[in-house]
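Report on one structure; see the data block that follows.
The values are calculated or read from the model by the stated rules, or taken from the named source; none is laboratory data. The model shown is predicted, which means the values in this text are computed figures rather than measured ones. Counting neighbours? That spans all protein chains shown, and the Cβs are built from the backbone with ideal geometry, glycine included. Calculation scope for accessible area: heavy atoms of the full protein, side chains included, ligands and nucleic acids excluded. Shrake-Rupley method; radii C 1.70, N 1.55, O 1.52, S 1.80 Å.
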Amino acid sequence: MSAIVTRPGNVTPQWMSEALASSGYLENGAVVNRLSYQIIGTGKMGDNARYRLEYTGGQGNAPASVIIKFPAEDETARAMAGAQGAYYNEVMFYRHLADRTSMRTPTIYANEVSDDRLAFVTVMEDMAPAEPGSQLIGESLEHVRVAMGEAAKLAAAFYGDESVGAHDFVMSQVRDDGGAFGQALLQQYWPGFLQRFGHGINGECEAFGAFYVDHHTRFATRFDGPRTLAHGDFRSENILFDGDRACTVDWQTTSEGSALTDLAYFMGGSVELEDRRMWERQLVDDYSGLLAGQGIELDSEACWQQYREQAMHGLMITILGASFTAAAERSDAMFLTMIQRHLQHCVDLGAKEFLE
């Protein structure tokens, strides 16, 4: 297809026509003759826009609208995301792994990344009227069950597949440095994180956070059961809900790990504290049943113990995510809500035992 376009205003009808034709969605000489767009979402690592498309020569199976993901306009955020491999990771997931799971992901019409991994463009299915959740509002039990079903599909599809960690776009503590670099970053940024968010963290949770920061490598390397592919940032704002269906997006942080990683992260960060306390044990039992229905035998007690341990998954991504993001009212409120929930989740479940 044509050169990678990195800004919404630079997408032309000709470029869009070539993108759709290259993936087989434009036939018999049809072309996009007009388009319009609007910026959507509140992403920090990239920008998203919805495009309305008009055609000459017949629309056929071509979409009436698409979502296009671009690198962040902010130079610092773009450089950091590129250096972390976020853009490359997502492009590669859609190319190589998305078709291997029945978990709902968007249809991809075009998907390119530059050689230096600092620029990319992904043209994907517009899932409207499906809408993402909000980290500031705890999810309903209905949405939790829908998300849990999607998480089980992903976990089952790659369970025990040792090839997952061999992909360079899937984070693997086994393949990499055992979490040493992550722990160094946590120790570096934790004091500043507390200066920014400590006013909203109670003493018990702050103490656990400090202990975790100094023992992250233990968490990163301790799990020795069968591994699977985890989304890594499976939270309500990365899931588009539409009744009893959902579509998962933002595949920039894929990793190999426990089959309970995504469920524990979702429950810890996207559900109000009292609801999570009331629902989680039954939901984990039900999740064991969902896995069994897809051929994965992991009994309720084994699921519960992995769920307790994986409650810690949300800590590094929240602490470093906030530390690498400029202060802003909405994002600060989100990060504070998430760290409060994730730390309390760890304290409630006695996760410290897995670090000792």
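Out of 59, 96, 173, whose Cα points farthest toward the positive end of the dipole of the chain (charges: +1 Lys, Arg; -1 Asp, Glu; placed on Cβ)?
Farthest towards the positive end: 59.
For the chain, take the longest principal axis of its alpha carbons; what is the angle in degrees between that and the long axis of helix 313-323, to the nearest 10 within 0 to 90?
70 degrees
When the chain is fully extended, how far beyond the present Cα-Cα distance does residue 326 get from residue 285, taking 0.36 nm per residue of separation? Don't jump to the answer; show the numbers that get you there.
Working: separation 41, 0.36 × 41 = 14.76 nm, distance 3.96 nm.
Answer, rounded to one decimal: 10.8 nm.
Report relative contact order for the chain in percent, whole number only (criteria: Cα-Cα under 8 Å, sequence separation at least 6).
Numbers: 617 pairs, mean separation 59.3, N = 356.
Taking the mean separation of contacting Cα pairs over the length of the chain, I get 17 percent.
Compute, for the chain, the length of the dipole vector about the Cα centre, with Cβ point charges of +1 (Lys, Arg) and -1 (Asp, Glu) only. Units Debye, rounded to 20.
On the way: 27 positive and 49 negative charges, 115 e Å.
With only Lys, Arg, Asp and Glu charged at Cβ, the dipole is about 560 debye.
With a probe of 1.4 Å, find how much accessible area the chain has per residue, and write the answer as a whole number in Å². All intermediate terms of the calculation are to be shown ahead of the outcome.
Working: 15160 Å² over 356 residues.
I get 43 Å² per residue for this part.
Given only helices, namely DSSP H runs of n ≥ 4 each adding -39500 (n - 2.57), what is the per-residue ellipticity at 222 nm of the chain, to the nearest 500 deg cm²/dmol?
-14000 deg cm²/dmol
How much net charge surrounds residue 20 when only the other residues with a Cβ under 15 Å from the Cβ of residue 20 are counted, with Lys and Arg +1 and Asp and Glu -1?
Details: positive: 34, 52; negative: 18, 27, 54, 112, 125, 126.
Its environment carries a net charge of -4.
Quick one: net charge around residue 149, please, counting Lys, Arg +1 and Asp, Glu -1 for every other residue with C-beta under 15 Å from its C-beta. Intermediate results must be reported in sequence, preceding the final value.
Values: positive: 104, 145, 153, 245; negative: 139, 142, 150, 242, 244, 262, 285, 286.
Its environment carries a net charge of -4.
Leaving out ligands, DNA and RNA, and with a 1.4 Å probe, what % of the accessible surface on the range 201-260 is carbon or sulfur? Don't skip to the answer; put the middle values down first.
Working: 900 of 2070 Å².
Carbon plus sulfur share of accessible area: 43 percent.
Of the heavy-atom accessible surface of the range 261-313 (probe 1.4 angstrom), what whole percent is carbon and sulfur?
Values: 980 of 1960 Å².
Solvent-exposed carbon and sulfur of the range 261-313 make up 50 percent of the total.
Once you place label points 7 Å from the Cα toward the Cβ at residue 56 and residue 168, how far apart are they in nm?
The answer from the label model is 4.3 nm.
Ignoring ligands, DNA and RNA, what percent of the 1.4 Å accessible area of the range 48-163 is carbon and sulfur?
Numbers: 2230 of 4960 Å².
In the range 48-163, the share of accessible area belonging to carbon and sulfur is 45 percent.
Counting Lys and Arg as +1 and Asp and Glu as -1, what is the net charge of the other residues whose Cβ lies under 12 Å from the Cβ of residue 94?
Numbers: positive: 69, 95, 100; negative: 90, 99, 112, 125, 250.
Residues close to residue 94 contribute a combined charge of -2.
Please give the Cα centre distance for the range 62-86 versus the range 238-281, rounded to the nearest Å.
23 Å
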